[in-house]
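One structure below.
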Amino acid sequence: MKGLLYYGNRDLRYSEDIETPQIRNANEVQIDVAWCGICGSDLHEYLEGPLFMPTVADHISGKKMPLCIGHEFSGVVKTIGKDVTHVKVGDNVVVEATTHCSDRPRFCNDHSKCLACSQGFFNCCSRLSFTGLGTDHGGFSDTVVVGADHVLKIPDNIPLDIGALVEPLSVAWHAVERSNLREGQSALVLGGGPIGLAVVMALQGHNAGKIVVSEPAEIRRQFAANLGVEVFNPTEHDDCVGALRELMGIKEGFDASYDCSGVPATLLQSIEALGPKGIAINVAVWPNVPTPYMPMDLTFQEKTATGSMCYTITDFEQVIEALHTGQMSMEKVRMLITGKINLKDGIEQGFARLISHKEQNVKILVTPHAI
Ligand SMILES: [Zn+2]
Ligand SMILES: [Zn+2]
């Protein structure tokens with residue numbers, strides 16, 4: 001098959017000579033990939049990796065690089081294992097890309113579960129890995145085989161290109177779920193990149209009240225404004241938190257904040273901008289270095305700071321339902337797609353373009369089929 005193989009740091013190679021993955025277990029599904037989005041994690045993996053890609057045996061599959069990268073994908077069911085009943089050949093599907101202890105039996109005779117998995121918290125698995133970022137070949141290819149538990153059918157009114165955004169929208173959905181945000185409550189989103197904008201969509205899907213996006217890059221502020229939220233330029237203010245509260249009319253502070261930037265300044269703002277009992281959710285991927293904050297900023301007014309890790313299958317189901325019913329606007333989601341390219345051009349027109357023109361792009365989708 002065709003695919004973009006990850007060999008290591010800044011070493012991605014297009015190949016048409018990769019062995020096509022086949023079903024080996026009764027509970028597997030083989031998918032003909034339609035679209036796969038390039039994620040910030042893919043860029044990190046390319047520029048700074050290997051971070052997730054297995055240089056030695058992956059915790060779940062035992063496989064190692066080179067493997068096709070890509071974890072934000074949609075496709076059409078090509079073949080199903082004999083125990084698969086919830087999808088059939090020809091169905092349009094998306095893939096929940098985490099892999100955890102429950103996936104081990106597909107690859108080896110190990111049915112043991114870590115504490116998180118035994119409690120059903122699969123996104124907190126101590127062996128957590130991903131299809132397309134660790135465990136096995138991912139969506140920058142033409143064919144993927146995954147465990148049936150990770151495959152969700154999408155209804156006919158959700159096109160396959162929008163389907164490829166269900167994964168990043170589920171990251172955002174999970175973050176909003178983690179904050180227990182109630183209808184009408186206010187939210188601050190720090191960073192207007194792909195995940196920040198997806199958080200805006202998820203907040204709107206939860207009927208949040210006032211939503212403000214703080215983002216220094218003008219193009220990104222414009223993307224956020226186009227989604228119908230208020231925008232704030234942090235580079236114009238010395239006292240960002242004071243200005244945010246004043247300008248945005250949230251004097252007592254926000255009910256929830258979502259750090260989608262992951263720099264020391266946004267960590268502090270995500271806590272300081274909260275009102276009493278507010279909650280700060282870290283959605284960003286941080287470099288592995290310590291960063292200081294004031295514990296008393298949490299203690300006064302009993303604020304909470306926590307993180308949000310990927311998603312669960314429930315988040316996927318809820319995102320699909322929200323798109324299906326229009327609770328989350330498909331037109332707005334479509335505005336996040338800033339490029340569509342062919343797999344063979346994925347490195348030059350995809351990865352390279354996102355690295356050199358980061359701000360002009362939100363989501364570039366890649367397809368193995370003719371466009
Ligand atoms: Zn991703
Ligand atoms: Zn586990």
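The values are calculated or read from the model by the stated rules, or taken from the named source; none is laboratory data. Bear in mind that the values here come from a model prediction, so they are computed numbers and not experimental data. Quick reminder, even Gly has a Cβ in these numbers, built from the backbone with ideal geometry, and neighbours come from all protein chains shown. Ligands, DNA and RNA are excluded from the accessible area calculation, which covers all protein heavy atoms including side chains. Shrake-Rupley method; radii C 1.70, N 1.55, O 1.52, S 1.80 Å.
At least 1 residues that are touching a Pro at 6+ places or on another chain (Cβ under 9 Å) and open to solvent by 20 Å² or more (accessible area, probe 1.4 Å) in each: list the strands (runs of 3 or more DSSP E) lying fully within the stretch 274-355 that qualify.
337-342
Go through D156, D136 for me and flag whichever is out of contact with any strand residue (DSSP E or B) (no Cβ under 7 Å at 6 or more places or on another chain) and either surrounded by 24 or more Cβ atoms within 10 Å (Cβ to Cβ) or of a type in the set (D, E, K, R) (or both).
Details: D136 fails: out of contact with any strand residue (DSSP E or B) (no Cβ under 7 Å at 6 or more places or on another chain).
Checking each option against the conditions leaves just D156.
Could you pull out every one of the helices (runs of 4 or more DSSP H) wholly within the stretch 105-200 that has 1 or more residues that are among the hydroxyl-bearing types (S, T, Y) and more than 14 Å from ligand 2 (Cβ to nearest atom)?
Details: elements: 115-118, 160-163, 166-178.
Fully inside the stretch 105-200 and qualifying: 166-178.
Can you list residue pairs whose Cβ atoms sit under 8 Å apart, with the first residue in the stretch 110-132 being on the phi > 0 side of the Ramachandran plot and at pLDDT 95 or above and the second being part of a loop (DSSP other than H, G, I, E, B) and more than 8 Å from ligand 2 (Cβ to nearest atom)? Count only pairs 6 or more apart in sequence or on different chains.
G132/I69; G132/G70; G132/H71; G132/A97; G132/G138; G132/G139; G132/F140
From the residues in the stretch 84-101 that are more than 16 Å from ligand 1 (Cβ to nearest atom) and buried (at least 18 other Cβ atoms within 10 Å of the Cβ), which one is farthest from L152 (Cα to Cα)?
Of the stretch 84-101, the ones more than 16 Å from ligand 1 (Cβ to nearest atom) are 84-93, 100-101.
Okay, now just the ones that are also buried (at least 18 other Cβ atoms within 10 Å of the Cβ), so 84, 92-93, 100-101.
On the way: V84: 12, N92: 8, V93: 5, H100: 17, C101: 20 Å.
Looking at the filtered set, the residue picked out is C101.
Evaluate the following for S102: is it more than 16 Å from ligand 2 (Cβ to nearest atom), in contact with a Cys (Cβ under 9 Å, 6 or more places away or on another chain) and in contact (Cβ under 8 Å) with a residue 12 or more places away in the chain? Show your work before the answer.
Values: more than 16 Å from ligand 2 (Cβ to nearest atom): no; in contact with a Cys (Cβ under 9 Å, 6 or more places away or on another chain): yes; in contact (Cβ under 8 Å) with a residue 12 or more places away in the chain: yes.
Criteria not met by S102.
G196 fails exactly one of the following numbered conditions: (1) surrounded by fewer than 24 Cβ atoms within 10 Å (Cβ to Cβ); (2) over 17 Å from T312 (Cα atoms). What is the number of that condition?
(1)
Is it the case that the stretch 71-83 has a residue that's of a type in the set (S, T, N, Q), more than 16 Å from ligand 1 (Cβ to nearest atom), under 24 Å from the mean Cα position of the chain (by Cα) and open to solvent by 10 Å² or more (accessible area, probe 1.4 Å)? Step through it out loud before you land on a result.
Taking the stretch 71-83 as the starting set, the residues that turn out to be of a type in the set (S, T, N, Q) are 74, 79.
Add one more test, that the residue is more than 16 Å from ligand 1 (Cβ to nearest atom), and what stays is 79.
Pick out the ones that are also under 24 Å from the mean Cα position of the chain (by Cα) and you get none.
Checked the stretch 71-83: no residue is of a type in the set (S, T, N, Q), more than 16 Å from ligand 1 (Cβ to nearest atom), under 24 Å from the mean Cα position of the chain (by Cα) and open to solvent by 10 Å² or more (accessible area, probe 1.4 Å).
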